[in-house]
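For reference, the structure is listed below as structure tokens.
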Amino acid sequence: MVLENEDIANICEGYTLIQKKDGFRFGTDAVLLSNFFNGKKNAKVLEIGTGNGIIPVLLAAKDKITKIKAVEIQPEIAELARRNVIRNGLEDKIEVVNEDIKNIQEGNSYDYIISNPPYMVLDGKEINDKDIKSIARHEIKLNLKEFISNAKRLLKPRGELFMVHKSYRFLEISEELGKSGFSVKRVRFVHYSREKDSSLVLIEASKGRKNILKIETPIFLNDN
């Protein structure tokens, strides 16, 4: 069922997604991250902050996962994600959980964690901490340090974290990953065009394993 304040987006052949007309809507970053993910199909996977469920639906549509637990802190949005899972007939592959990731008690359990976390730091400006868009975009409920420390807690030893974030925070992210015992494995910068600076960065990092860093060919969105 699609409500009056919702619409439907075609995300790939045979798969659609219900979105709030005036809420946080999925963007290119979610699609890029689902393409960047290269984990083993039968592994145990967790998503932190699923939103409307775009990433697990794409992973399932591309046959990249067998099962994924998708965690969302906002009850209304978690329910929307569940409806999208049912809409696409993916109940056997995607479990949506309405919970704060800090309360998930499954330490050292997951082979992979994937996430499109909040990008924007709190800078002292007044922000509505109950607004759906604000929670999705700003580090109100989960800041970068908390995100990485919880990823470390939940991942198995030598497990891997896949994330997308703002490029200007790349050094900060790398430092926090290092402090938590992660080693950055792959990095791919995203540009809207060849004339623009990078806006997004895709990162794969390993828990408790040293990697030789691979910086992949940049993505220029206007070329694709």
For region 84-101, which residues satisfy the criterion of being part of a helix (DSSP H, G or I) and farther than 22 Å from Leu33 by Cβ? Ile86
Answer from Leu59, Leu33, Leu17 - the residue that is crowded, with 18+ Cβ neighbours inside 10 Å, within 24 Å of Ile148 (Cβ to Cβ), of a type in the set (A, V, I, L, M, F, W, C) and touching a Lys or Arg at 6+ places or on another chain (Cβ under 9 Å): Leu59
Given the structure, is Ser193 of a type in the set (Ser, Thr, Tyr), assigned to a strand (DSSP E or B) and either in contact with a strand residue (DSSP E or B) (Cβ under 8 Å, 6 or more places away or on another chain) or at pLDDT 95 or above (or both)? no
Across region 181-217, what is the number of residues that are in contact with a Phe, Trp or Tyr (Cβ under 6 Å, 6 or more places away or on another chain), surrounded by 13 or more Cβ atoms within 10 Å (Cβ to Cβ) and of a type outside the set (Gly, Ala, Ser)? 5
Which of the residues spanning region 156-166 are crowded, with 16+ Cβ neighbours inside 10 Å and over 13 Å from Asn116 (Cα atoms)? Lys156, Gly159, Glu160
Among (1) out of contact with any helix residue (DSSP H, G or I) (no Cβ under 9 Å at 6 or more places or on another chain); (2) crowded, with 21+ Cβ neighbours inside 10 Å, the one test that Asn5 misses: (2)
Inside region 75-86, can you point out the residues that are surrounded by fewer than 21 Cβ atoms within 10 Å (Cβ to Cβ) and out of contact with any strand residue (DSSP E or B) (no Cβ under 7 Å at 6 or more places or on another chain)? Glu76, Glu79, Ile86
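Where in region 1-66 are the strands (runs of 3 or more DSSP E), entirely inside, with at least 3 residues that are closer than 30 Å to Asn108 by Cβ? Walk me through how you get there before you give the answer.
On the way: elements: 6-12, 15-20, 45-48.
Correct list: 45-48.
The values are calculated or read from the model by the stated rules, or taken from the named source; none is laboratory data. As the structure is a computational prediction, the values presented were derived from the model and not from experiment. When we count neighbours, we look across all protein chains shown, and the Cβ atoms used for this are built from the backbone with ideal geometry, even at glycine.
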